[in-house]
1. For the ranges 21-32, 180-191, 235-246, what's the packing order if you count other beta-carbon atoms within 10 Å of each residue, average per peptide, and put the highest first?
2. Using helices alone, what [θ] at 222 nm do you get for the chain, with -39,500 (n - 2.57) per DSSP H run of 4 or more residues, divided over all residues and rounded to the nearest 500?
3. If packing is taken as the mean number of other Cβ atoms within 10 Å per residue, what is the order of 120-130, 91-101, highest first?
4. To the nearest 20 debye, what charge dipole does the chain have about its Cα centre, counting +1 at the Cβ of each Lys and Arg and -1 at the Cβ of each Asp and Glu?
5. Cα atoms only, the stretch 6-270: Rg and Dmax in Å?
6. Using the per-residue mean of other Cβ atoms lying within 10 Å as a proxy for protection, in what order, highest first, do the peptides 131-143, 75-87 fall?
7. Taking a cut-off of 24 Å between Cα atoms, list the lysines near LYS228, but don't count ones fewer than 8 places away on the same chain.
8. Give me ARG57, ARG209 sorted ascending by neighbouring Cβ count inside 10 Å, so fewest comes first.
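Taken together, the values in this text are just the output of simple stated rules run on the coordinates, not laboratory data. Because the structure is predicted, anything quoted here is derived from the model rather than measured. Using ideal geometry, Cβ is built from the backbone for each residue, glycine included, and neighbour counts are taken over all protein chains shown.
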Amino acid sequence: MSVPKVTIVMPVYNGERFITDALSSIERQDYKNYEVFISNNCSTDRTYEIATEFAKRIPMKIVSHPSFKTMIENFDYAFSQVSTEFFLFLCYDDYLNAPNALSRAVSILEKDSNISSVYCDLDYVNSKGVRLLRRKFGRAGLFTGDELGRASIYAARNMFGIPLMARTTALQRYRSDSRFTYVADVDFSWQLAQSGPIYHIEEALFANRFGDHNSTWPVLSQAAKQFKLLADKYHVELTKSQIFFLAVKAWLLTQEKRLFGYYAQCRSVFDR
C-alpha cells in the first residue's frame, strides 16, 4: 500500500447531522492518495458509527478521546497527527464541492514548491445542502498572506476564504492563539502563508454550511475588537479613522451575517 500524500483532518463533536455529506464528498474524489483522520471529541450521537461505516470504503483513522477537549485542543491534537506532505482541514459540516477538488489542489502544490496553500471560491449552503450564495473573490493565481491579511483587517472580514489544501511544513509553524475566536480562521490562514504565497483557484470547489449550529453566532459582537487584536499581532498600524471605520464595517457585517443566517434557516425550512 502506498504512503498517502494528503491527510484530510476532521475534528468533530456530535456531527451526525452533516458528517455523511463531508465523508461522501471525500469518497467521490477522483484523487485517491489520501487518508482521513477523524478526531472524535466524546461525541454522544452516531458520529462514531457513521465514521466507521465510511472507514470500510475509504482510508481512515478514527481517534475517540476518553475525555472532552476544548475546540482548540481538539483542533491542535488533530493537526499534530499530520505527517503527510499535504493536508486539508475539513470541518465536519462542510464538504468538497467538486470531485476534482483534491486533484486540482495537489497538482498546484506539486507544480510549485514555493506555494504554501491553495484556496478557491466558495458556495455557502444551508443545512439541507442547498446553495444560498456563491462567494467569488474576484482573484486567481498567486497572492501573499500579508496582502490578504491586511485586506481582511481593512474589510473586517475573512478575505482569505477557506484553505482547500496546504503544505504540512506550513502547518508545523502554526500555533493556535487563544485570544482569537471570531478571527481564528484569518489567523490560521495568515500563519500558513508565512511559509510562502497562496494560490487561488477561481472555482467554487468548497461548500461552507450556514445554519443554527454555526459557531460564528456567539462571537459576532467581538468582531471589531478581534480584528484590532489581529492588526496588533501582525504589526498593521491603524490610524484613529481606520479604527473607527473598522468598527463601523464590523458592525454592518455582523448585521449582514445575522440576516444571512436567518435567510439560511428559512431556506432550510422551505427547501424540502
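1. Listed from highest to lowest mean packing, they are 180-191, 21-32, 235-246.
2. Using -39500 (n - 2.57) per qualifying helix, the result is -11500 deg cm²/dmol.
3. 91-101, 120-130
4. Taking the Cα centre of the chain as origin, the dipole is about 480 debye.
5. Values for the stretch 6-270 (Cα only, Rg and Dmax): 17.9, 57 Å.
6. Details: 131-143: 13.7, 75-87: 18.4.
So the peptides 131-143, 75-87, ranked by packing, come out 75-87, 131-143.
7. LYS240, LYS249, LYS257
8. In increasing order of surrounding Cβ atoms, one gets ARG57, ARG209.
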